[in-house]
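Notes follow once the structure below has been shown.
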Ligand code: FE
């Protein structure tokens, strides 16, 4: 695969169709500058600021963009708030649509056929394999991403974090908790 990609890039560069330096900038941006820390800031702000949480619930695209997170694969966003009785899980059954602007590049398992099919057939079983066993009475709502609309799960704020700064709270928000395959970390994990 690596050799094929190199060959393709060489041909495209030789034909003048792409600029190798531009590709390097894009790869560097998504590998180093954009990642789940962005989404964690959104979640931490929603935990700290009820007005922001309300905005995020009503117009996630604008609320997220107000923090500077927008662009490729994040043009249209919806936030799914976990509650004590409902847990949200995000998948793209068709391919691998993912909110790059807030979570960076998708993990390999997110793109894999077993996750994509089983997340909708047996979400409770899939979550258990991620080490997340929910109470039997907790409902699981599965959101199927599309090229038009991407989802960000807002996990519940962990108990024992009263008075924490947004920055400190963001340290509890993992990538998986924003996909729904995990929960936010407990304060002692910070
Ligand atoms: Fe997709």
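Being part of a loop (DSSP other than H, G, I, E, B), more than 16 Å from the ligand (Cβ to nearest atom), touching a residue at least 24 places away in the same chain (Cβ under 8 Å) and within 16 Å of residue 177 (Cβ to Cβ), is that true of even one residue in the range 70-91?
Yes, some residue in the range 70-91 is part of a loop (DSSP other than H, G, I, E, B), more than 16 Å from the ligand (Cβ to nearest atom), touching a residue at least 24 places away in the same chain (Cβ under 8 Å) and within 16 Å of residue 177 (Cβ to Cβ).
What number of residues within the range 145-160 satisfy the criterion of being touching a residue at least 40 places away in the same chain (Cβ under 8 Å), more than 16 Å from the ligand (Cβ to nearest atom) and more than 13 Å from the chain's Cα centre (by Cα)?
The number of residues fulfilling the criteria is 2.
Take the conditions in contact (Cβ under 8 Å) with a residue 60 or more places away in the chain, away from the ligand (no atom under 15 Å from the Cβ), closer than 14 Å to residue 178 by Cα and touching a helix residue (DSSP H, G or I) at 6+ places or on another chain (Cβ under 9 Å) and apply them to residue 36. Does it pass?
yes
Look through 37, 6 and report the one residue that is modelled with pLDDT under 95 and either surrounded by 12 or more Cβ atoms within 10 Å (Cβ to Cβ) or part of a loop (DSSP other than H, G, I, E, B) (or both).
Exactly one residue qualifies, and that residue is 37.
Condition check: away from the ligand (no atom under 14 Å from the Cβ) and either touching a strand residue (DSSP E or B) at 6+ places or on another chain (Cβ under 8 Å) or in a loop (DSSP other than H, G, I, E, B) (or both). Does residue 67 satisfy that?
yes
Can you tell which of 142, 126, 173 is farther than 26 Å from residue 59 by Cβ, touching a residue at least 24 places away in the same chain (Cβ under 8 Å) and surrounded by 14 or more Cβ atoms within 10 Å (Cβ to Cβ)?
Residue meeting the stated conditions: 126.
Going residue by residue through the range 46-62, is there one that turns out to be within 16 Å of residue 148 (Cα to Cα), within 16 Å of the ligand (Cβ to nearest atom) and either free of Cβ contacts under 8 Å to residues at least 60 places away in the same chain or not in a helix (DSSP H, G or I) (or both)?
Looking through the range 46-62, none of the residues is within 16 Å of residue 148 (Cα to Cα), within 16 Å of the ligand (Cβ to nearest atom) and either free of Cβ contacts under 8 Å to residues at least 60 places away in the same chain or not in a helix (DSSP H, G or I) (or both).
Could you count how many residues in the range 95-108 are assigned to a helix (DSSP H, G or I) and either out of contact with any helix residue (DSSP H, G or I) (no Cβ under 9 Å at 6 or more places or on another chain) or loosely packed, with under 13 Cβ neighbours inside 10 Å (or both)?
Residues in the range 95-108 being assigned to a helix (DSSP H, G or I) and either out of contact with any helix residue (DSSP H, G or I) (no Cβ under 9 Å at 6 or more places or on another chain) or loosely packed, with under 13 Cβ neighbours inside 10 Å (or both): 1 in total.
Here's a check for you: in the range 129-139, which residue that is surrounded by fewer than 17 Cβ atoms within 10 Å (Cβ to Cβ) and part of a loop (DSSP other than H, G, I, E, B) is nearest to the ligand (Cβ to nearest atom)?
Once the filter is applied, the top-ranked residue is 130.
The values are calculated or read from the model by the stated rules, or taken from the named source; none is laboratory data. Remember, predicted model here, so these are calculated numbers, not experimental data. Don't worry about glycine lacking a Cβ; one is built from the backbone with ideal geometry, like all the others, and counts go over all protein chains shown.
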